[in-house]
Amino acid sequence: MESGSAIRKMWDYGRKLKSLHGDDRVADMTLGNPVALPPAALLRALEEVVHHPPDGLHRYTAHAGRRDVRERIARHLDERGLLPGAGAEQVLVTAGASAASNIMLRAVLDPGDEVIILAPYFPDYPAHVLNHGGLPIVVSTRADFLPDVERIEEAIGPRTRVVIINHPNNPSGRQYPEDILGELAGLLRQKSKVNGKRIYLLSDEPYRELRFTEEPFVSPARLYEHGIMAYSFSKSHSIPGERIGYLAVNPEGGETQELVAAMALSSRILGFPNAPSLWQEVISRCLDAVVEMAPLQRDILRLYGALREKGYEVVKPDGTFYLFPRVPTDDVQSFIQGLLENFLLVVPGESFGLADHFRLALCVDEKTVDLAIDRLPPAGR
Ligand SMILES: Cc1ncc(COP(=O)(O)O)c(C=O)c1O
């Protein structure tokens, strides 16, 4: 509990500060809990489904989700080139991306198997891996936060079963280029042969629609036959409280139906089979919708510019709603404490496996961004 709850602890502290001093005096940049309204297409679809429900809407669905919903998701992935050739049998609808990762890991891990995660990482990964008897192996990225394939190669051993990739990345905001992902796919292919056992690549991509770069997004799940995509509508459709997402398996992998069947069984064992039926129906009607990106892009670039002006070392994000600057002093704790005293709440980088950084989440309104800029001290080492 101590190690896992840093973000929530900071958020709780922020709520206390707000109740004591007023909402407008506290800049709470802790949680990645979007404030944007869901896209109009989603609200319309929700209204249609509520007023004209399809037959049996509120009944249990198959563990993997409704066949027609899986078909629509597969078509979407195929038509957009995200996972060409995907069919309904390669898709499993889940209660969000966290459920998706747990279901996938439960299906493929044996106790003692190793799972490589890249730092900085989404703070829940180590817990997800440990939850299913796996051993998290943390590998650092390069200074620009892109994957270092050589370091990943050094970390792969006979017990490596999964590599988790998350891009655009929480917390760095970096999107990974296709050539690096291709190199990684080649490495996993080669090492799977050496191990005599598949190494799976889990591509956790809830931010793939939240991008500011012109570079196209490439799913590593497309580049590697044993790639499995975990997607969530929490961010692209701004509905994190509703719990809906999916897993999609590369159709070239062989035995994909067995893998999906194993994951469907895992969803049942873990206690979250059959993603919410209402939301399966709603999202299947607005798969292409995305929240309005202009305000987010404006705010994130403004805060990025302000950080640079104040002398912070910070990598420009390609997407997401996060910034991940370096702490501008050797005394990390005093720096974070100083921000708290300034009523600016951030998440210490330790939660992401990189203690000398901190994360700012832009799930706030424009005025809070102004407040944060005002409260950030100049960086002077
Ligand atoms: C990288 C990453 N993966 C997964 C999740 C969890 O998403 P969901 O709400 O779909 O469980 C998040 C949420 O912040 C995330 O940042």
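Based on other C-beta atoms within 10 Å, arrange Ile137, Ile269 from fewest to most.
On the way: Ile137 17, Ile269 11.
Ranking Ile137, Ile269 by Cβ neighbours within 10 Å, fewest first, gives Ile269, Ile137.
Separation between the Leu278 and Ser334 pseudo-spin-labels, each 7 Å from Cα along Cα→Cβ, expressed in nm?
Going by the 7 Å Cα→Cβ label model, 5.3 nm.
For the stretch 321-381 and the stretch 114-174, what is the centre-to-centre distance using only Cα atoms, to the nearest Å?
24
Roughly how tilted is helix 178-195, in degrees to the nearest 10 and between 0 and 90, from the longest Cα axis of the chain?
That helix lies at roughly 50 degrees to the long axis.
Can you check what the net charge comes to around Leu339, using other residues whose Cβ is under 15 Å from the Cβ of Leu339 (Lys, Arg +1; Asp, Glu -1)?
On the way: positive: Lys9, Arg25, Lys310, Arg326, Arg359, Arg375; negative: Asp28, Asp331, Glu341, Glu350, Asp356, Asp374.
That works out to 0.
Cα centroid distance between the stretch 268-319 and the stretch 21-46, in Å?
11
For helix 366-375, report the angle its Cα long axis makes with the longest principal axis of the Cα atoms of the chain; keep it between 0 and 90° and round to the nearest 10°.
50
Could you tally up the Lys pairs in the chain with alpha carbons closer than 24 Å? Skip any pair fewer than 8 positions apart unless they're on separate chains.
Lysine pairs meeting the criterion: 9.
Once the piece of chain linking Asp370 and His52 is laid out straight, how much longer is it, given 0.36 nm per residue of separation minus the C-alpha distance between them? Please report the intermediate quantities before stating the final value.
Working: separation 318, 0.36 × 318 = 114.48 nm, distance 4.37 nm.
Taking 0.36 nm per residue and subtracting the Cα distance, the gain is 110.1 nm.
Taking Cα atoms, how many degrees apart are the long axis of helix 332-341 and the longest axis of the chain, rounded to 10 and kept between 0 and 90?
70
Suppose the chain between Leu301 and Val138 were pulled fully straight at 0.36 nm per residue; how much longer would it get relative to their current alpha carbon spacing? Each step should come with its number before you reach the end.
Numbers: separation 163, 0.36 × 163 = 58.68 nm, distance 2.98 nm.
Gain on extension, Leu301 to Val138, equals 55.7 nm.
Counting other beta carbons within 10 Å of each residue's own, what order do Arg375, Arg268 fall into, fewest first? Spell out each step's value before the answer.
Values: Arg375 18, Arg268 13.
Result, fewest neighbours first: Arg268, Arg375.
Please give, to one decimal in nm, the separation of the simple spin-label points placed at Met293 and Arg268, each 7 Å out from Cα toward the Cβ.
4.0
Exposure proxy check: Phe335, Phe233 ranked by fewest other beta carbons within 10 Å? Could you put the intermediate results ahead of the total?
Working: Phe335 19, Phe233 26.
Ranked by crowding around the Cβ, least crowded first: Phe335, Phe233.
Compute the distance in nm between two label points, each set 7 Å from the Cα along the Cα-to-Cβ direction, one at Asp23 and one at Arg59.
The answer from the label model is 4.4 nm.
Between beta-carbons, use under 13 Å as the cut-off and find the net charge around Leu188, counting Lys and Arg +1, Asp and Glu -1. Display every interim value, and only then the final one.
Values: positive: Arg161, Arg189, Lys191, Lys193, Lys197, Arg198; negative: Glu153, Glu183, Glu225.
Net charge around Leu188: +3.
Each value in this text was obtained by applying a stated rule to the coordinates, not by laboratory testing. Bear in mind that the values here come from a model prediction, so they are computed numbers and not experimental data. Note that we place each Cβ from the backbone using ideal geometry, even for glycine, and neighbour counts take in every protein chain shown.
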